[in-house]
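Asks: Below you'll find the structure I mean.
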Amino acid sequence: MIDKVIVGSEEWCSLPELKVPAIKIRVDSGAKTSALHADQIVPFEKDGEKWIKFIVHPIQRNTKGAIQCEAKVIDKRIVKSSTGTRESRYVINTDISLGDQTWTIELTLTNRDSMGYRMLLGREAMAGRLIVDPDEHFKFGIVTPEKLKEYYNTTSDIKRGLRIGVLASNPELYSNQRLMEAGELLGHEMHFLNIKHCYMKLDAHQPEIHYRGGRILNDFDAIIPRIRPSMTYYGCSLIRHFESLKVFSLNNAASITQSRDKLFSLQLLLSHGVEIPTTGFANSPLDTSDLISMVGGSPLIIKLLEGTQGKGVVLAETKKAAESVINAFKSLNANILVQEFIKEANGKDLRLFVVDGKVVAAMQREALPGEFRANIHLGGKASVVKVTAEEKRIAIKAAKAMNLKVAGVDIIRSSKGPLLLEVNSSPGLEGIEGATGKDIAGEMIKAIEKNFKWLNI
């Protein structure tokens, strides 16, 4: 017992491996795990192992002195906070220095903006070393404001280029990681913004967007929306609010909204002279027979309007099968399209990636044996393809018709020539970058730079 060090309920310590010279901690034997406030957590691979990048703001309610950190991930576990909320957190090992003692502890990373301390030291980190005297405070001295200013003066909020947010749901997705990396390589300040952690203040004089914990996001130059279909309404509401604050969005809210409405987007494309497979839409099952006839009969494709990534797409090989599927969907009040089946495509289609009015990459997607629809999300094959001038023209025209700066345009080759299947406003990067070897994420960042007439020197 005499070898243990007595500490107060709050102390100043340092985290030398993370290059944090001073941080005030709450010493709490009632908490099992230790936690550190971390922002912009982005996973990446290093020497075949999982690491994370993150930012630490050591001073409470102050974004000055932002420290960029990297650490190897040792675990990812569910932790129950003091408020009873269960949260999945990354876990790292790092050294802590307290007084003349230095030892290695486990730290979970989380957002502690709403807490009184940027770091909590739990009993696992204290075991065998410390005894807490709750009546004591700062037994190893106080770090003065002057000293803090000295420590963090060189790492205050200096802009290193544009301040860009990736507005998405999952920081671990390949596309989101690539955008973060590409922006940082080009010298910009990149932030991952989880859609679910953003909320809005609508006010005539002081509108704001807040991030969980109270951080205000009004000072961004640009955002890159990566909105999953289930978050379209809320995601586009956020984008509109960013736009009202004069924040540039690589794809604007109106364009994303109309791209998610499959019927409206096809009508819009047709009005701009873009050829599509013959398509039918009806409200009543009583019109099923004529609906099938107008697209050339069976076989035909039946699509749920709300379907994504190949889900909700059915090939009906006979008229009877088509009637059964259509009526089944209608009985569930599901909106569907029926579309002619292009047999000569042989389960292949093209994905052309358009950025700022230019086709920057293209790939061919081939369906698995026995499947009729090419989809790399479901195991389909992706390969490099040489596209024609006409196919490029269609892709650029489609992106322009939808008013999208970034678009994944899907085209099918038919006996009538190339036909447009659909336009995706949040196209994935993994398949096409892997197939072509092209830096599409970098092209997206450069499109933002072009908007600001930004020069990389």
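Asks: If each of Y174 and L286 carries a label point 7 Å out from its Cα toward its Cβ, how far apart are those two points in nm?
Replies: Those two pseudo-labels are separated by 4.9 nm.
Asks: Could you compute how much accessible surface K50 exposes when probed at 1.4 Å, giving the result in Å² to the nearest 10?
Replies: 90 Å²
Asks: Taking Cα atoms, how many degrees apart are the long axis of helix 262-271 and the longest axis of the chain, rounded to 10 and kept between 0 and 90?
Replies: 60 degrees
Asks: Using a 1.4 angstrom probe, figure out how much accessible area region 417-457 has per residue, in square angstrom, rounded to the nearest whole.
Replies: About 47 Å² of surface per residue is accessible.
Asks: In addition: What pairs in K196/K246; K72/K438; K405/K446; K246/K397 have C-alpha atoms more than 18 Å from each other? Don't skip to the end; give the middle numbers.
Replies: On the way: K196/K246 22 Å; K72/K438 28 Å; K405/K446 12 Å; K246/K397 27 Å.
Long pairs (Cα-Cα over 18 Å): K196/K246; K72/K438; K246/K397.
Asks: Translational diffusion coefficient of region 282-352 at 10 °C, 1.306 mPa s, Stokes-Einstein with Kirkwood Rh over Cα pairs, in µm²/s as a whole number.
Replies: Once the numbers are plugged in, D ends up at 127 µm²/s.
Asks: Non-local amide H neighbours of R112 (under 5 Å, H modeled in plane, Pro and chain starts lacking H): which ones?
Replies: A38
Asks: Suppose each label sits 7 Å from its Cα in the direction of the beta carbon; what would the R86-E390 distance come out to in nanometres?
Replies: 5.7 nm
Asks: Counting Lys and Arg as +1 and Asp and Glu as -1, each charge on the Cβ, what is the dipole of the chain about the Cα centre in debye, to the nearest 20? Show your work: numbers first, answer last.
Replies: Working: 61 positive and 54 negative charges, 148 e Å.
About 700 debye.
Asks: List the residues whose amide H sits under 5 Å from the amide H of I223, counting only those 5 or more places along or on another chain, with H placed 1.01 Å from N in the peptide plane.
Replies: Placed amide hydrogens put G165, F248, S249, L250 under 5 Å from I223.
Asks: Using a 1.4 Å probe on the protein heavy atoms, what percent of the accessible area of the chain belongs to carbon and sulfur?
Replies: Reported share for carbon and sulfur atoms: 51 percent.
Asks: Oh, and also: Arrange the peptides 276-282, 346-352 so that the one whose residues have, on average, the most other Cβ atoms within 10 Å appears first.
Replies: 346-352, 276-282
Asks: While we're here: Would you mind checking the tilt of helix 389-401 against the longest principal axis of the Cα atoms of the chain, expressed as 0 to 90 degrees and rounded to 10?
Replies: Relative to the chain, helix 389-401 is tipped by roughly 60 degrees.
Asks: Label-point separation (nm) for K139 and M294, each offset 7 Å from Cα along Cα-to-Cβ?
Replies: Going from the K139 label point to the M294 one covers 8.1 nm.
Asks: Here's another thing I want to ask about it. Cα axis of helix 440-451 to longest principal axis of the chain: angle in degrees, 0 to 90, nearest 10?
Replies: Approximately 80 degrees, to the nearest ten.
Asks: Quote to one decimal, in nm, the extra length available between R212 and R240 on full extension: 0.36 nm per residue of separation minus the C-alpha distance between them.
Replies: Gain on extension, R212 to R240, equals 8.2 nm.
Asks: Oh, and also: Which whole-number percentage describes the relative contact order of the chain, with Cα contacts under 8 Å and a sequence gap of 6 or more?
Replies: Worked out over the chain, it gives 12 percent.
Asks: Compute the orientation-averaged projected area for the chain from the convex hull of its Cα atoms and round it to one decimal in nm².
Replies: 27.3 nm²
Asks: Another question, if that's okay. For region 68-196, taking Cα atoms only, what is the radius of gyration to one decimal and the Dmax to the nearest whole Å?
Replies: Both quantities, over Cα of region 68-196: 18.2, 51 Å.
Asks: List the aspartates and glutamates whose alpha-carbon lies under 20 Å from that of K201, not counting same-chain residues fewer than 8 positions away?
Replies: Partners within reach: D113, D219, D221, E243.
Asks: Rolling a 1.4 Å sphere over the protein heavy atoms, what is the accessible area per residue of region 202-271, to the nearest Å²?
Replies: 46 Å²
Asks: For region 1-147, what D do you get in µm² per second when you plug the Kirkwood radius from alpha-carbon pairs into Stokes-Einstein at 37 °C and 0.692 mPa s? Mind dumping the intermediate values first?
Replies: Numbers: Rh = 15.7 Å.
After rounding, the answer is 209 µm²/s.
Asks: List the residues whose amide H sits under 5 Å from the amide H of M200, counting only those 5 or more places along or on another chain, with H placed 1.01 Å from N in the peptide plane.
Replies: Under 5 Å from the amide H of M200: H210.
Asks: Work out, step by step, the length gained on full extension between N335 and T318: first 0.36 nm times the residue separation, then minus their alpha carbon distance; give nm to one decimal.
Replies: Once the chain is fully extended between N335 and T318, it gains 4.0 nm.
The values are calculated or read from the model by the stated rules, or taken from the named source; none is laboratory data. Since this is a predicted model, take the numbers as computed values, not measurements. As a convention, Cβ positions derive from the backbone with ideal geometry for all residues, glycine included, and neighbour counts pool all protein chains shown. Quick note on the areas: whole protein, heavy atoms, side chains included, nothing else; ligands and nucleic acids left out. Shrake-Rupley method; radii C 1.70, N 1.55, O 1.52, S 1.80 Å.
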